[in-house]
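All remarks here apply to the structure that follows.
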Ligand SMILES: Nc1nc2c(c(=O)[nH]1)N[C@H]1C(S)=C(S)[C@@H](COP(=O)(O)OP(=O)(O)OC[C@H]3O[C@@H](n4cnc5c(=O)[nH]c(N)nc54)[C@H](O)[C@@H]3O)O[C@H]1N2
Ligand SMILES: Nc1nc2c(c(=O)[nH]1)N[C@H]1C(S)=C(S)[C@@H](COP(=O)(O)OP(=O)(O)OC[C@H]3O[C@@H](n4cnc5c(=O)[nH]c(N)nc54)[C@H](O)[C@@H]3O)O[C@H]1N2
Ligand code: SF4
Ligand SMILES: [Mo]
């Protein structure tokens, strides 16, 4: 093998310029984790395509990643380390050498530690890249130095908790089996926008088997437009729908009693509990009609091969964990799990068994070091005693792979905290994000095609290699480099896991996990870790000692992979969680002062805050808008394009209205995440979203926000203050 072939290149000749095709994996925080074929022309990126040979990707990727050339070769990419000049956020910068920048971080971290102890340093990171080495390596530095831990809560907590309390394991039916279903229920995920490959397999089932696609969402989004059955319910009411669907199964004798007797904890208790959860009851709560609920229940009862693809969106509610558990209980009542093409899927996080311990340095972890809640970064940086867990203030940070000034809830407090004069913040980034703008030091980061890493699916079952395919700009450095260089300066470079290359760390993960070697992975491009049929369908038992699905969850003792660390205990109002699948009204309810419910759903052309900088994505999304039902707009005297002021107790922001009958009256949607600076006034959507932890395992309820809306003219005249 030539060295180039070894690195994953396949040479294809073109009459004019040599085009090579490199093989990679999408690094973004998306359940699809697509296998990619990347055109390379003279060291530059051309078209990016989905690998046809990967049977989950199946040759399909989203448009924003197909256009990756515009992101990697973007004129605004950060290229040089820069130090702040003037006040924080004023926009004054001077270039600084890498050596100087790294020395400065080490000096500030040591000073913070000397004054307040090691916990005053908080490395803050998330999933801008999902590569296991480049994303998680910072934990090695954290643990070696006994810096504060991060309790990750921004994305998965409600969803994973709700699934895990029922099924006991975060895995499910092979998502490729959707193609063998007769009914695919896409519940609370806008798959066309957020994980397009779900549609590939669902639409195959429709084409090849005449399967019906049911979509459960709060607005008629791009996915609902593809549905055969569209169920547009009120936000935060999914558990009521699920309860009624199960009620009908018991009432009509379509529930699979033999399955429940063998595989579930207490079907008789569930049946008794659901006796009053009629379609009429659910219609009142969800806003759906009784015939809609009855018809869906009849479909479930008559379609053994029903596949529930449960998303994250409907769990970004204060009742999100019980909503997931309730939806997941439906296929257990009907016994869909028994059948090929039937059952449910949310995440495969528990199937891979990848041992990252050398990368993360978990062996060096000191159990006495505090955790800080990722989503409550505003409160942490503003020094609220209850979130500091008895520890010192945070006075020094390095931020990698995340943009909290934009993506985290309670944005005003996040920005206020980041702007503190006595806080040192270094941000390692690809672009001058809202967070980087508030930093003391900005360091330029590589993109995935410029460094080696290994990835694994969440919404599918592959482990994939993403090797370095092109050279990075000369002054841009990897996350791995920053971690290693800081370790040298902070005196921990001789500790386990340091001093190795990315490739050596990838090799270590694979070997420790019994997943072969790097050479094998390079040759094969990916590995399929899909469990066998019996395991995937939980036919050899659910993930509990008695093997039974729990209709009655133990909310106080969550054991999901991202459950709160023991030192933090349960989160939020746990006592209010329902003992059975049920709707108990945990949401931030609209009231006379805040008559609207706002959801902040992802935009198709962005990925969280990424791609909000590329022209191709920006021009397609046009501008930040507030989607509003025509009746609401008329009542408020707002026409399309008028500037609305949207607010609640957390703050207020302004944006143009888009009148749209895709919504229910009283519900508003803003699709993002746009940069804060894209809004008139310079503050973004997360000003409105709460950071109060969702029960029982924490998390942020991004789609559960009550607001008022006013016309700009009224506001300017002081008429409504
Ligand atoms: N209103 C609202 N807010 C939300 C959500 C919502 O639905 N509504 N969704 C929430 C969810 S689910 C999530 S997961 C969070 C995500 O929030 P983030 O994790 O912050 O989002 P990303 O935009 O994916 O990535 C952040 C940054 O990582 C950078 N990055 C990418 N690769 C690398 C790298 O290799 N090195 C370095 N140093 N940087 C890199 C990118 O340039 C980007 O600026 O947002 C949450 N915020
Ligand atoms: N294009 C694009 N793709 C993305 C992202 C992105 O920002 N843009 N983000 C990535 C990340 S980090 C994640 S975690 C995933 C998330 O992807 P998804 O699982 O799709 O979750 P969300 O996009 O948060 O929300 C999905 C849908 O749920 C709806 N929803 C909100 N509240 C409710 C409710 O109470 N009930 C029901 N039934 N539906 C509700 C929202 O309006 C939205 O249409 O997507 C990833 N992929
Ligand atoms: S963002 Fe998602 S759909 Fe798009 S290429 Fe990446 S993994 Fe695939
Ligand atoms: Mo996420």
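Quick note on region 59-183: its Rg to Rh ratio, both from C-alpha atoms and Rh being the Kirkwood radius, is 1.09.
As a proxy for reagent exposure, ranking 154, 351 by other Cβ atoms within 10 Å from fewest up yields 351, 154.
With 0.36 nm allotted per residue and the present C-alpha distance subtracted, the residue 528-residue 422 stretch has 33.3 nm of extension available. I need to check one value: relative contact order of region 492-629, counting alpha carbon pairs closer than 8 Å and at least 6 residues apart, in percent. Worked out over region 492-629, it gives 9 percent.
Placing R0 at 45 angstrom, the Cβ-Cβ distance between residue 95 and residue 225 gives a FRET efficiency of 0.40 after rounding to 0.05.
Want the number for residue 85 to residue 70: 0.36 nm per residue separation, take away the alpha-carbon distance, what's left?
On the way: separation 15, 0.36 × 15 = 5.40 nm, distance 2.98 nm.
Extra length available between residue 85 and residue 70 comes to 2.4 nm.
Taken as Cα centroids, region 200-230 and region 101-162 sit 40 Å apart, rounded to the nearest whole angstrom.
Between region 418-475 and region 491-557, the C-alpha centres lie 24 angstrom from each other. From least to most packed, judged by other beta carbons within 10 angstrom and beginning with the fewest, 407, 198 follow the order 198, 407.
The modelled label-to-label distance between residue 619 and residue 546, using points 7 Å beyond Cα along the C-beta direction, is 6.1 nm. What ratio of Cα Rg to 2.2 N^0.38 Å holds for region 664-721? Taking the Cα Rg and dividing by 2.2 N^0.38 Å, one obtains 1.39.
Can you give the FRET efficiency for residue 116 and residue 712, using 1/(1 + (r/R0)^6), R0 = 30 Å, r = Cβ-Cβ distance, to the nearest 0.05? Before the final figure, lay out each step's value.
On the way: r = 45 Å, r/R0 = 1.50.
Efficiency computed from Cβ-Cβ geometry: 0.10.
Size estimate for region 206-254 follows the Kirkwood approach: the inverse of mean 1/r over distinct Cα pairs works out to 12.3 Å. Length gained on full extension, residue 576 to residue 368: 71.8 nm, using 0.36 nm per residue less the C-alpha separation.
When averaged across all projection directions, what area in nm² does the alpha-carbon convex hull of region 596-716 cover?
Working: hull surface 30.9 nm².
Averaging across all directions leaves 7.7 nm² for the Cα convex hull.
With neighbour counts taken as other beta-carbon atoms within 10 Å, the residues 223, 254, 614 rank, fewest first, as 254, 614, 223.
Taken over the Cα atoms of region 441-498, the convex hull encloses 130 Å³ per residue.
Work out, in µm²/s and without decimals, the Stokes-Einstein translational diffusion coefficient of the chain at 37 °C, 0.692 mPa s, Rh from Kirkwood over C-alpha pairs.
Working: Rh = 26.3 Å.
Stokes-Einstein gives a translational diffusion coefficient of 125 µm²/s.
Taking the Cα atoms of region 557-643, the ratio Rg/Rh between the radius of gyration and the Kirkwood radius comes to 1.11.
Throughout, read-outs are computed from the coordinates displayed, never taken from laboratory work. In this text the structure is predicted, and so the values were computed from the model without any measurement. All Cβ positions, even for glycine, are placed from backbone atoms using ideal geometry, and neighbour counts span all protein chains on display.
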